[in-house]
Amino acid sequence: MEDPEISLCPSIYYRPINPNDLDRLEQIHRDIFPIKYESEFFRSVVNGVDIVSWAAVDRSRPDDHSDELIGFVTAKCVLAKDSEIDDLIHYDSSKVEETLIYILTLGVVETYRNRGIAMSLISEVIKYASGLSLCRGLYLHVIAHNNPAIRLYQRLMFRCVRRLYGFYLIKQQHFDAFLFVYFINDSQTPCSPLEAAMFVVNYMKSGIKSVASKLANKEEKGLKWLICKDTDCVLPTQTKSNLGSSSSGYEFI
């Protein structure tokens, strides 16, 4: 995707996504994601149908590009009791309307990366969720080899709680995912003895794996987010009932 020359001091502004962003939103998704999204998804985003969203634009660009998307985040509200992390959330089961925010997609065009835009977009979602009295937290999935995204969520104090084996199916190949959670409104459950023990075990495993990873560093550096432009890509539905069928298992981290 070609972009006009970027100002030395871009003026980044954040706003809701609107219907005028439809074509640009679809184009960026095609350019940076290995997953094919249906037209209905984009229509729901730009029209605000069950999805909340924020766009990043650069007001310092030429007039015909000053309101054009250079980044975005999309999210949806789900019932806490129906989510796959209900066991991690401290909530009142009698309040069936308590919710979570699930982050669907996050992207920044290549020429605007490493400028803090993705962090600012996620911060907008956190601020929005924190203002909802019945919202207990935010969660999302990250493919296991997307190291820049993993570092981003760690900096934002998201907690990596599970590794989901075989969660993504891309071009007939399975890839693991990490499940990240950001707790709000005093919703985090106390750490159980089992979880504490597993934390110690995984910490020890990570030390062993770090040695092996250094040996494979050259391979890891060459591993990038896979590009898939056909329909042979599957994202499992984000519900508890589908978790077992769409992934081969999970472990606490």
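Structural remarks
- With DNA, RNA and ligands ignored, accessible area of C135 (1.4 Å probe; Å², nearest 10): 0
- P(r) histogram, all alpha-carbon pairs of region 1-156 included - 5 Å bins from 0, percent: 2, 8, 18, 20, 20, 15, 9, 4, 2, 1, 0
- Accessible surface area normalised per residue over region 24-146 is 43 Å², counting heavy atoms of protein chains with a 1.4 Å rolling probe.
- Of the cross-linked pairs K76/K127; K36/K81; K76/K171, those separated by over 21 Å at the C-alpha level are K36/K81; K76/K171.
- Debye log10 I(q)/I(0) for region 76-158, one point scatterer per Cα, at q = 0.18, 0.21, 0.22 Å⁻¹: -0.81, -1.02, -1.09
The values are calculated or read from the model by the stated rules, or taken from the named source; none is laboratory data. Keep in mind that this is a model prediction, so the values were computed, not measured. Please note that ligands, DNA and RNA were not included when accessible areas were found on the heavy atoms of the full protein model with its side chains. Shrake-Rupley method; radii C 1.70, N 1.55, O 1.52, S 1.80 Å.
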